[in-house]
Amino acid sequence: ISVIFHDTVAHSRFTSSKRVVTLSHFSNTLSVADDYVLVNDSPRITDYDKSKVYINAFLKKTKNSLIGLNTAIPFDAHNIFYTDRNGNVSTSVISDIPKKSGRSSFKILQINPRYSIMGGWKYGFNAGYYSKLSNFLRYDSNTGVYNLKIDFMGLYMDIGSDYYELVVVLPEGATDIKTIIPFDVDSETFSTVYKHLDFFGRKQVLIKKKNVSTELSTPIIVSYKLPVYNQIVKPVLVSLLIFVVFSLSIFSARSSFSQKKVSTIVLIDISALIITNFKWWY
């Protein structure tokens with residue numbers, strides 16, 4: 001039995017997606033970087049003609065192609081970026097949502113690809129932003145525990161993912177790391193990574209899960225402890241490193257100047273000796 005019907009909706013999914021959340025107590029920032037591979041599962045286009053595609057798009061006759069995605073970002077998000085595999089894309093639009101009473105406002109990031117994603121096509125892109133860490137982090141003075149509350153995944157309309165990874169990079173020196181996830185995940189691992197100006201490495205939480213739907217876009221909690229001495233050790237070490245480099249540069253400059261001065265004196269003495277011998281010869 002063959003059933004033929006018209007489908008005017010783009011059925012999309014992420015074949016793979018990854019979100020990296022990095023914390024910085026020193027600058028009070030939380031950075032989010034997303035990496036997605038999108039595929040349009042609508043019927044594949046046949047006899048592709050670029051001119052016809054653009055004409056149909058202009059006349060709004062192409063119903064099952066994907067022309068854009070919307071996602072919510074914090075109201076104070078800045079340094080927002082959107083790139084694809086070819087580089088920066090300048091067609092994204094940011095819309096402010098008015099603040100409501102009792103609720104914080106947020107922004108809508110509208111991602112518009114370079115071209116319409118037709119049936120059977122894939123499209124990889126990256127997006128991200130920076131926000132204040134204090135919007136997501138709370139400190140319990142009784143236990144000395146920091147509680148980070150973030151969404152498990154970014155909500156890009158109603159698009160699920162075949163394979164999803166969430167990476168949370170904690171500040172250097174974080175200890176006693178625990179997670180509270182209200183659903184089952186495939187794996188959860190802890191490791192150490194090194195970022196710029198890191199001396200001892202940062203703890204990283206990697207959470208993996210397959211077949212993720214938008215219903216799992218719920219908050220999770222990552223708790224950890226960060227003693228005061230661990231917070232000040234990096235500024236102290238960086239200051240010492242800068243002092244050592246500056247001192248070595250001064251010593252090197254003075255040493256080079258002394259070598260040039262000695263070489264000049266020796267050259268003058270040799271020149272005087274040559275002139276004296278030349279006069280004696282004649």
Original post:
Could you list, in sequence order, the residues of the stretch 182-198 that are surrounded by 11 or more Cβ atoms within 10 Å (Cβ to Cβ) and without any contact (Cβ under 8 Å) to a residue 12 or more places away in the chain?
Top reply: Tyr194
Original post:
Only one of (1) surrounded by 16 or more Cβ atoms within 10 Å (Cβ to Cβ); (2) under 19 Å from the mean Cα position of the chain (by Cα) fails for Thr179. Which number is that?
Top reply: (2)
Original post:
Does Leu155 meet the test of being of a type outside the set (Ser, Thr, Tyr), loosely packed, with under 15 Cβ neighbours inside 10 Å and within 18 Å of the chain's Cα centre (by Cα)?
Top reply: yes
Subject >> Set Ile250, Ile242, Ile220, Ile274: member being among the β-branched types (Val, Ile, Thr) and modelled with pLDDT under 80 >> reply: Ile274
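The values are calculated or read from the model by the stated rules, or taken from the named source; none is laboratory data. As the structure is a computational prediction, the values presented were derived from the model and not from experiment. Ideal geometry is used to build each Cβ from the backbone, glycine not excepted, and the neighbour counts take in all protein chains shown.
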